[in-house]
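The values are calculated or read from the model by the stated rules, or taken from the named source; none is laboratory data. These figures come from a predicted structure and were not determined experimentally. Backbone-built Cβ (ideal geometry, glycine too); neighbour counts: all protein chains shown.
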Amino acid sequence: MEVTYKINRKDPENGGESGYANYQVDLPEDATVLDGLQKIRDEQDDSLAFRASCCQGTCGECAVRINYKAQFTCTTRIGDVTKKAPEVQLDPVRNIAVIKDLVFDMDAFTWDKMAAVKPWMEPDEEFAPTENIVSEKDMADVRKTMSCYQCGLCDEGCAVLPVNFDFLGPGAMVKSYRFVMDPRESGAQMDARMKVVEQPQGLWDCVHCYEADGKCPRGLTPSTKIMEIRDVSFKEGIKNEKVGRHHASFINSVKQTGWLDERKLVMETEGLTNVAGLMKLLPTAVRALRRGKMPGRHEKRPGADQIKRILEKAEDSK
């Protein structure tokens, strides 16, 4: 079948301008999108840049957006993406700088952030006297996350990265999960690990949109893993001071009145002794006041004692 490849081209040596180039390719329906790219490069345009390695969907190198959906070119069949029209549009994945054509900066997108979470074990003793054997049951979930391709598709779907690229992202969080949940880390090791994971623009910056869960080709549920790491943080004690204040203020407010007191929450999160931080909140407070959106004082609501008991029971169950 005759297929039109519409490829987003970007040439840094020619001013870095982006634009689409069309190529006509004759392919069988069972061919992959990668087959077409290779044929274009071999027969029509040897300047076309794209990534590929294993050609069987186990490395994630060939991730691009195919007809606006992030996928692997090596496992996506032409017949599956040309049902509406014999055209395939290819774009680099979102949220990252493009080096050339369909090749993006993997260091900034994946590897630098993986390194930031210190993806290695640090034993308490330099030389352990015996093997540290753990059960298969304890390692089951950890072992599953070790099958991550580091393809970046979870980051491609992240709702935070377009706003703040310094956010570690779900990919690095999955790598963190592999060590946070490893039973061989505990005590001082766990405290040090959680401080890294809870760094600014880390664990607590996730907006739990769960987009990453639907993007992962391995079904590793990155968003769910982030929520599980948060549960560990609550259990071990939140290491990020600002987040800890936010959590304490939220819980105390609801326990005392049955309501969330937004005014206290904002100030206590910033820190009542943090004069500089509180001063930065003034412009927002003034705008809210002018627009009639300043939260009012909350009196104790009916049923507040019952709400308090529910919260305390939930805390005791952890």
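Of the helices (runs of 4 or more DSSP H) lying entirely inside region 107-199, those containing at least 3 residues that are more than 22 Å from Gly244 (Cα to Cα) and more than 20 Å from the chain's Cα centre (by Cα) are 136-145.
Taken over region 22-46, the criterion of being surrounded by 14 or more Cβ atoms within 10 Å (Cβ to Cβ) and assigned to a strand (DSSP E or B) is satisfied by Tyr23, Val25, Thr32. Just one of the listed residues (Glu299, Glu262, Glu312, Glu270) is at negative phi, loosely packed, with under 11 Cβ neighbours inside 10 Å and touching a residue at least 24 places away in the same chain (Cβ under 8 Å), and it is Glu299. Within region 25-50, the only residue that satisfies the criterion of being in contact with a strand residue (DSSP E or B) (Cβ under 6 Å, 6 or more places away or on another chain), in contact (Cβ under 8 Å) with a residue 24 or more places away in the chain and farther than 18 Å from Ile78 by Cα is Ala49.
Every listed requirement among (1) more than 19 Å from Glu87 (Cβ to Cβ); (2) touching a Phe, Trp or Tyr at 6+ places or on another chain (Cβ under 9 Å) is met by Val25 save one, (1). Output yes when any residue across region 62-77 is over 24 Å from Ala159 (Cα atoms) and crowded, with 19+ Cβ neighbours inside 10 Å, and no when none is. Yes, some residue in region 62-77 is over 24 Å from Ala159 (Cα atoms) and crowded, with 19+ Cβ neighbours inside 10 Å. Scanning region 4-24 for residues that are in contact (Cβ under 8 Å) with a residue 40 or more places away in the chain, of a type outside the set (Phe, Trp, Tyr) and over 18 Å from Ile99 (Cβ atoms) yields Thr4, Lys6.
Looking only at residues in region 78-98 that are part of a strand (DSSP E or B) and surrounded by 15 or more Cβ atoms within 10 Å (Cβ to Cβ), the one that is farthest from the chain's Cα centre (by Cα) is Val88.
For region 213-242, a residue qualifies if it is more than 22 Å from Ala159 (Cα to Cα) and assigned to a helix (DSSP H, G or I), and the qualifying residues are Val232, Ser233, Phe234, Lys235, Glu236, Glu241, Lys242. Taken over region 244-259, the criterion of being over 21 Å from Ser233 (Cβ atoms) and surrounded by 17 or more Cβ atoms within 10 Å (Cβ to Cβ) is satisfied by Thr257, Gly258. Exactly one residue out of Phe167, Phe250, Phe179 is over 25 Å from Ile66 (Cβ atoms), of a type in the set (Phe, Trp, Tyr), assigned by TED's automatic domain parsing to the domain that holds Ala304 and at pLDDT 90 or above: that is Phe250.
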